[in-house]
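The values are calculated or read from the model by the stated rules, or taken from the named source; none is laboratory data. All values derive from a computational prediction rather than experimental measurement. We place every Cβ from the backbone using ideal geometry, glycine too, and count neighbours over all the protein chains shown. Heavy atoms of the whole protein, side chains included, go into the accessibility calculation; ligands, DNA and RNA do not. Shrake-Rupley method; radii C 1.70, N 1.55, O 1.52, S 1.80 Å.
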Amino acid sequence: MGAERHILILGGTTEARRLAGELAADPGLRVTTSLAGRVAQPRLPAGQVRIGGFGGPSGLARWLREQQVDALIDATHPFAGTISFNAARAAAEVHVPLLAVRRPGWVAGPGDDWHDTGSLEEAAAALPALGERIFLTTGRMGLAAFAHLDRLWFLVRSVDAPEPPAPARMEVLLDRGPFTVEGERELIRRHRIDVLVTKDSGAAATSGKLTAAREAGIPVVVVRRPPTPPGVTTASCPADAIQWLRHLPLPGA
């Protein structure tokens, strides 16, 4: 790709790690991946790694300028909306090319009983009419939205232990994907789950629960992902991101 260029990846996802591994193998690139620091022991990607926030869009713009970043790739989780909008503002301010990597969302198929909602609060409001034993797979950060549902029981799965406020009747399962259909099927059976709650995060690594829910005939409450910032170019996978980068007229080309 020519003389060494600095690529900043906003990461934490499988796609970000895969992308960092591919790009770090190119001697013409300096690759830095930024992690939010919300997971205690994150899986570290290849290349350089920084952990923690930037201090909003102005802080990110300053970092891009000071570190002479040539291209910015937003490969954060589809629900990490704040950093995506901060990235769009910062990239526009310092005129750094920006690409958002967004894995395709899940699509309901025959036999699925999906209930689309626009937020965790909407998902919580839908639950009392759907069941009593909830498999909650939306992560540990949004449990406050479900904390008032005292009559429901929750199986909460997350990478790190959640903090209050949280539902009073709750069992926590600390685990990290990928998850198999067989494993998800057993969780639903053993805990007598009658409703699944998930974010539309996409990807095959966590889609087994959808198959298991379909087989069990239980409803799935799906929280829709927030929109990508307007005007930002998107790619659906790391391979497309690499092609975008190869055809980008970066400084020094």
*Answer residue from the range 78-96, given it is under 24 Å from residue 202 (Cβ atoms) and outside any helix (DSSP H, G or I) and is least open to solvent (accessible area, probe 1.4 Å) among those*: 78
*Report yes if some residue within the range 84-107 is within 27 Å of residue 223 (Cβ to Cβ), among the hydrophobic types (A, V, I, L, M, F, W, C), over 16 Å from the mean Cα position of the chain (by Cα) and modelled with pLDDT under 95; otherwise report no.*
yes
*Subset of the range 133-164 that is over 14 Å from residue 198 (Cβ atoms) and in a strand (DSSP E or B) - its residue that is least open to solvent (accessible area, probe 1.4 Å)*: 153
_All positions within the range 44-77 that are buried (at least 21 other Cβ atoms within 10 Å of the Cβ), within 24 Å of residue 138 (Cα to Cα) and touching a helix residue (DSSP H, G or I) at 6+ places or on another chain (Cβ under 8 Å)_ = 45, 74, 75, 76
_Please go through the range 8-43 and give me each residue that is touching a residue at least 40 places away in the same chain (Cβ under 8 Å), open to solvent by less than 20 Å² (accessible area, probe 1.4 Å) and outside any strand (DSSP E or B), ordered by number._
11, 13, 16, 19, 23
*Any chance you could count how many residues in the range 153-166 are in contact with a Leu (Cβ under 6 Å, 6 or more places away or on another chain) and farther than 14 Å from residue 188 by Cβ?*
3
*Would you check which residues across the range 199-253 are in contact (Cβ under 8 Å) with a residue 60 or more places away in the chain and of a type in the set (Val, Ile, Thr) and list them?*
206, 218, 220, 221, 222, 223, 228, 232, 233, 234, 242
